[in-house]
Amino acid sequence: MNGKLYGVGLGPGDPDLITLKAHRILQSVPVIAWPAPDTGPSFARAIAAPHLPGGQLEIPIVMPMRTERFPARDVYDKASMEISAHLDAGRDVAVLCEGDPFFYGSFMYVFERLASRYPTEVVPGVSSMMAAASAAGRPLAARNDVLSVIPGPMDDEAMAARLELCDAVAIIKVGRHFGRIRALIDRLDLMDQAVYAERVSLEAERLMPLADVADVTAPYFSMILIYKGGEEWIHALPGSKA
């Protein structure tokens, strides 16, 4: 009998924000796999660490942290082969994923390769967008507002078009694109409606009006929330246009 494959969402970073279901799985599976940079510790592994009983077999999925393209498919092909060997032997495997597995999550690439061959369960996690809105005391969207999620690498013209159309925005994967995005938001006269969030739920968390951020770049785990919708009380919050 084959083992079961789990994609486990771990939330935005605070180990207390994992779900009870994720905790139960982390405590019980004999094998865990987790995304790892080629230098430095794994963020996903660090979130899960307080909940691991010890003694589990571990499969680091080493992903080079590069701005240029690299053969990512080869990385996931290799990891999927290692994971499948355990599943074939009847061992359950939990693949750890920051945030939610299917919201820009790395687990989807393992799912693509293995879900048709093995019993699979995806455990949702708290998205960093929800965590950022909660920390800022600022709803993402209300009533019939349209919420858009925009990846930071999107070019200015496309991003501007989307910013014009929606009522609420979460710009993620800001990182090295921060200066360009900040300048675009300023040109569109949205600066007073924008909040900057960095490393949400961690000790190094930063939350402030975007206009107050003097940095030229931002870490990967950062985002910008913008609200243009019709709820007047939201506009009265710190970092919002009155």
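If I go through region 80-101 residue by residue, how many of them are touching a residue at least 24 places away in the same chain (Cβ under 8 Å), hydrophobic (A, V, I, L, M, F, W, C) and more than 17 Å from PHE221 (Cβ to Cβ)?
Going through region 80-101 one residue at a time, the tally reaches 6.
Working carefully through the options VAL31, VAL62, VAL8, find the one that is within 18 Å of the chain's Cα centre (by Cα) and farther than 27 Å from GLU205 by Cβ.
VAL62
In this structure, is ASP145 touching an Asp or Glu at 6+ places or on another chain (Cβ under 7 Å) and either aromatic (Phe, Trp, Tyr) or under 30 Å from ASP167 (Cβ atoms) (or both)?
Yes, satisfied.
Spot the failing condition for ILE25; the list is (1) over 18 Å from the mean Cα position of the chain (by Cα); (2) under 29 Å from PRO219 (Cα atoms), and only one is missed.
If we test ILE25 against (1) over 18 Å from the mean Cα position of the chain (by Cα); (2) under 29 Å from PRO219 (Cα atoms), just (2) comes out false.
Restricting to region 71-97, give me the number of residues that are at pLDDT below 95 and touching a strand residue (DSSP E or B) at 6+ places or on another chain (Cβ under 8 Å).
3
Working only within region 112-137, note down all residues that are more than 28 Å from ILE25 (Cβ to Cβ) and over 19 Å from the mean Cα position of the chain (by Cα).
GLY137
From (1) buried (at least 23 other Cβ atoms within 10 Å of the Cβ); (2) free of Cβ contacts under 8 Å to residues at least 40 places away in the same chain; (3) among the acidic types (Asp, Glu), pick out the condition that doesn't hold for ASP77.
Just one mismatch for ASP77, condition (1).
Do any helices (runs of 4 or more DSSP H) entirely within region 110-229 hold 2 or more residues that are within 26 Å of VAL95 (Cβ to Cβ) and touching a residue at least 24 places away in the same chain (Cβ under 8 Å), and if so, which?
128-136
Given the criteria in contact with a strand residue (DSSP E or B) (Cβ under 8 Å, 6 or more places away or on another chain), more than 30 Å from ALA194 (Cα to Cα) and surrounded by 16 or more Cβ atoms within 10 Å (Cβ to Cβ), does PRO119 qualify?
Here the answer is no, as PRO119 does not meet what is asked.
Quick check on region 159-168. Is at least one of its residues more than 20 Å from GLU231 (Cα to Cα) and surrounded by 17 or more Cβ atoms within 10 Å (Cβ to Cβ)?
Taking every residue of region 159-168 in turn, at least one turns out to be more than 20 Å from GLU231 (Cα to Cα) and surrounded by 17 or more Cβ atoms within 10 Å (Cβ to Cβ).
For the structure I just gave you, tell me whether GLY125 is at pLDDT below 95 and crowded, with 21+ Cβ neighbours inside 10 Å.
Criteria not met by GLY125.
Take the residues in region 82-109 that are in a helix (DSSP H, G or I) and out of contact with any helix residue (DSSP H, G or I) (no Cβ under 9 Å at 6 or more places or on another chain), then tell me which one is surrounded by the most Cβ atoms within 10 Å (Cβ to Cβ).
Only one residue fits best here, namely PHE107.
The values are calculated or read from the model by the stated rules, or taken from the named source; none is laboratory data. None of the values given here were measured: they were computed from a predicted structure. Glycine gets a Cβ as well: all are built from the backbone with ideal geometry, and neighbour counts include every protein chain shown.
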